[in-house]
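Heads up, the thing below is written out as structure tokens.
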Amino acid sequence: MRIWGKIWKDNHMLKDVTITDDAEDTRTHKILRALEEICAGWDLSVPVWLASNIRDFKRTKKVRFTQDNFVNDEIPFDYLEMQVLEED
């Protein structure tokens, strides 16, 4: 599985990274691991998944985490986006 993480501010992509996970594991575990890796690499707390995030991700294979998802931290960007590029 390949997942693309991006940070956006004012409709400009500030950072991006691609995470590859070839482990024999569930799709959910791979996605959560990729999110943790993305956040650790950019020194961010891991955002909270809201029901709307889960619904969007299931439908489009893409999710946006805004300030509402980062409960204890103020973020200096508009949103963190995560998108599945390729599945096993």
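The values are calculated or read from the model by the stated rules, or taken from the named source; none is laboratory data. What you see is a predicted model, and the numbers here were worked out from it, not measured in a lab. We work out accessible area using only protein heavy atoms, side chains counted, and drop any ligands, DNA or RNA first. Shrake-Rupley method; radii C 1.70, N 1.55, O 1.52, S 1.80 Å.
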- Query: Helix 51-60 versus the longest principal axis of the chain: what angle, 0 to 90°, nearest 10, using Cα atoms?
  - Reply: 50 degrees
- Note on the structure: So Glu36 and Ala51, fully extended at 0.36 nm per residue minus their Cα-Cα distance, gain in nm 3.5 nm
- Order of exposure, largest accessible area first, which applies to Arg64, Arg59, Arg27 with probe 1.4 Å: Arg59, Arg64, Arg27
- Task: Starting from the amide H of Val46, placed 1.01 Å from N in the peptide plane, find each other amide H under 5 Å away whose residue is 5 or more places distant or on another chain.
- Result: none
- Lysine pairs in the chain with Cα atoms under 17 Å, if 8 or more residues apart or on separate chains: 7
- Task: Just need the relative contact order of the chain here, percent rounded to a whole number, with Cα pairs under 8 Å and 6+ apart.
- Result: 40 percent
- Item | ³J(HN,Hα) computed for each position of region 61-67 - Karplus, 6.51 cos²θ - 1.76 cosθ + 1.60, integer Hz, glycine/proline x | 6, 9, 9, 10, 9, 9, 3
- Query: What does the helix-only formula give at 222 nm for the chain: each DSSP H stretch with n ≥ 4 adding -39500 (n - 2.57), the total divided by the residues, and the result rounded to the nearest 500 deg cm²/dmol?
  - Reply: -9000 deg cm²/dmol
